[in-house]
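The values are calculated or read from the model by the stated rules, or taken from the named source; none is laboratory data. None of the values given here were measured: they were computed from a predicted structure. Neighbour counts are summed over all protein chains in view; Cβ atoms, including those assigned to glycine, are modelled from backbone coordinates with ideal geometry.
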Amino acid sequence: MNAFVKHVSHRLSPLEIGFFRQAFSLILVIAVLSRGGGVAMIRTQRPVGHLFRGLIGNSAMIIFFLSVAKLPLADANALSFASPLFVTALSLPLLGEAVGKHRWSAVGVGFLGVLVITNPTGHPVGPQAGIGAGLGVLAAFMSALMTITIRQLNKTEAPVTIVFYFATIGCVFFGAMLPFVWVRPTLDEWLALLAVGLIGGVSQLLMTTAYRHAPASTLAPFGYASIIWSTALGFLVWSEIPGWHVLAGSAVVIASGLYIIYRETRKQTPTIVHPLADAGLAAP
């Protein structure tokens, strides 16, 4: 999906790309709903949670699209590796999950790897690359908030319901701004936008279902596999060759993520009840 986003970002606004990302994925989600429960599936007990997830998730998506437009594909994807680290760091204040010293150490080491990745190709860092790196880290933080919110919503909501509201809120959010940024897509761009929407919709359904069955801090590091695909696509399509920075930094971040998984599976830590949980303020 990110490769298709990069393909059209030289001419189309991220807001326009975001609108069609959600509009085409919404068609897919509605088709799934029609076969699995219909209107009953969009009834929700958590409207505020869906609104928060929709606003945070769609904002993170646009910020990441901006990062993709300014950086080589592998660089932007490598920076997104910070998201699982943020998930672990935010588990205590937002989910009330205890995070031991071993996992805190892994998070610290992982963020050192992210600092290395901020110049992953080894080229001199210009203004565009610096802005792109900053946007990439911000998108990773917001994605972590979104991940934690999905974990909370999964307690009462079906995955397809969560994705439905995410796409619907995105359509309204971006649709309101579309008249101000509209550029008529070419046929090639229409096909790319269709691919962005369909691939994005499928991935959202798969990701949301996964978070229904396993802790967020355990699942999140599996996103590291994206470095393989982003590096391959970046090389094949744009002749982008990551330097030692992306390899070294990614290795550090991946190692820290794998250690977090090891600690998760080795010992189940007790849940701490957040003092604001009863008031519904600990997390959306």
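As for region 233-254, it holds at least one residue that is more than 16 Å from SER80 (Cβ to Cβ), of a type in the set (Gly, Ala, Ser), modelled with pLDDT under 75 and over 23 Å from the mean Cα position of the chain (by Cα).
Here ALA255 fulfils each of the conditions (1) closer than 24 Å to HIS102 by Cβ; (2) not polar (S, T, N, Q); (3) not in a helix (DSSP H, G or I) apart from (3). Filtering region 8-26 to residues that are assigned to a helix (DSSP H, G or I) and over 19 Å from the mean Cα position of the chain (by Cα) leaves only VAL8. For region 174-200, the set of residues classified as exposed (fewer than 15 other Cβ atoms within 10 Å of the Cβ), closer than 25 Å to THR44 by Cα and in contact (Cβ under 8 Å) with a residue 40 or more places away in the chain consists of GLY175 only.
Here VAL39, VAL29, VAL5 are screened, and the one residue that is of a type in the set (Val, Ile, Thr) and either at pLDDT 90 or above or not in a helix (DSSP H, G or I) (or both) is VAL5.
Would region 268-284 turn up any residue that is in contact with a helix residue (DSSP H, G or I) (Cβ under 6 Å, 6 or more places away or on another chain), aliphatic (A, V, I, L, M) and at pLDDT 70 or above? Lay out the reasoning, then the answer.
Kept after step one, since they are in contact with a helix residue (DSSP H, G or I) (Cβ under 6 Å, 6 or more places away or on another chain), are these residues of region 268-284: 283-284.
Add one more test, that the residue is aliphatic (A, V, I, L, M), and what stays is 283.
From the residues that got through so far, the ones that are at pLDDT 70 or above too are none.
For region 268-284, residues in contact with a helix residue (DSSP H, G or I) (Cβ under 6 Å, 6 or more places away or on another chain), aliphatic (A, V, I, L, M) and at pLDDT 70 or above: absent.
What residue, of PHE141, PHE180, is more than 26 Å from GLY38 (Cα to Cα), modelled with pLDDT of 75 or more, more than 18 Å from the chain's Cα centre (by Cα) and among the aromatic types (Phe, Trp, Tyr)?
Residue meeting the stated conditions: PHE180.
Only residues that are over 22 Å from ALA60 (Cβ atoms), polar (S, T, N, Q) and assigned to a helix (DSSP H, G or I) were counted in region 155-191, giving 0. Is region 157-173 home to any residue that is of a type outside the set (Val, Ile, Thr) and free of Cβ contacts under 8 Å to residues at least 12 places away in the same chain? Looking for residues that are of a type outside the set (Val, Ile, Thr) and free of Cβ contacts under 8 Å to residues at least 12 places away in the same chain, one finds none in region 157-173, hence no. In summary, GLN152 fulfils each of the numbered conditions (1) part of a helix (DSSP H, G or I); (2) crowded, with 22+ Cβ neighbours inside 10 Å; (3) at pLDDT below 85; (4) in contact with a Pro (Cβ under 8 Å, 6 or more places away or on another chain) with the single exception of condition (2). On the given criteria, is VAL125 in a helix (DSSP H, G or I) and either modelled with pLDDT of 80 or more or surrounded by fewer than 23 Cβ atoms within 10 Å (Cβ to Cβ) (or both)? In short, no. Of all the criteria given as (1) within 30 Å of GLY113 (Cα to Cα); (2) in contact with a Leu (Cβ under 8 Å, 6 or more places away or on another chain), the one not satisfied by ALA214 is (2). Among the candidates VAL116, VAL107, the residue that is assigned to a helix (DSSP H, G or I), at pLDDT 75 or above and farther than 30 Å from VAL29 by Cα is uniquely VAL107. Screening GLY136 with (1) more than 18 Å from the chain's Cα centre (by Cα); (2) touching a residue at least 40 places away in the same chain (Cβ under 8 Å) gives one miss only, at (1).
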